[in-house]
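The values are calculated or read from the model by the stated rules, or taken from the named source; none is laboratory data. Everything quoted here is computed from the prediction, not taken from an experiment. Counting neighbours? That spans all protein chains shown, and the Cβs are built from the backbone with ideal geometry, glycine included.
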């Protein structure tokens, strides 16, 4: 399996590369009818400066989105599905969907429970914005409207955290 951010992008805890900057730039253009492209670019500029991986690589699921979490009738997590992207990488990858799943107070509870240090949390926020956020919205906006709606909220939450309005 090829290594490095050109193949795995954010999953390795590596710094932002030109390729990842192009992801954000292309998404800003592709989503110009949904978000203000200058707002997208500014939010990306504000979140993209991040530290490299702060801990040892570990086993990561890479897609802990709502669609892959099974919740029981009591509201408790009952299971996780879709292990197709499982591999070894940066633990921030399994925190990406926090901005999609949880509101602000619950997100802080989740962060504390996950034991995420500032560097890990900062990487998760940046990767959530560009990876499953902008790229997924651009790719699935016409075929998975419910997912796109949740991820649009996620991208807007992240932008708001860094003082940017996208609409």
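Of all the criteria given as (1) surrounded by fewer than 16 Cβ atoms within 10 Å (Cβ to Cβ); (2) touching a helix residue (DSSP H, G or I) at 6+ places or on another chain (Cβ under 8 Å); (3) under 23 Å from residue 77 (Cβ atoms), the one not satisfied by residue 100 is (1). The single condition from (1) in contact with a helix residue (DSSP H, G or I) (Cβ under 9 Å, 6 or more places away or on another chain); (2) at pLDDT 95 or above; (3) within 18 Å of residue 93 (Cβ to Cβ) that residue 164 fails is (3). Selection of region 1-52 for residues being modelled with pLDDT under 65 and either in a helix (DSSP H, G or I) or closer than 19 Å to residue 92 by Cβ (or both) yields 3, 4, 5, 6, 7, 8, 9, 10, 11, 12, 13. How many residues are under 17 Å from residue 162 (Cβ atoms), loosely packed, with under 15 Cβ neighbours inside 10 Å and modelled with pLDDT of 95 or more if we restrict to region 106-121? Selection size over region 106-121: 1.
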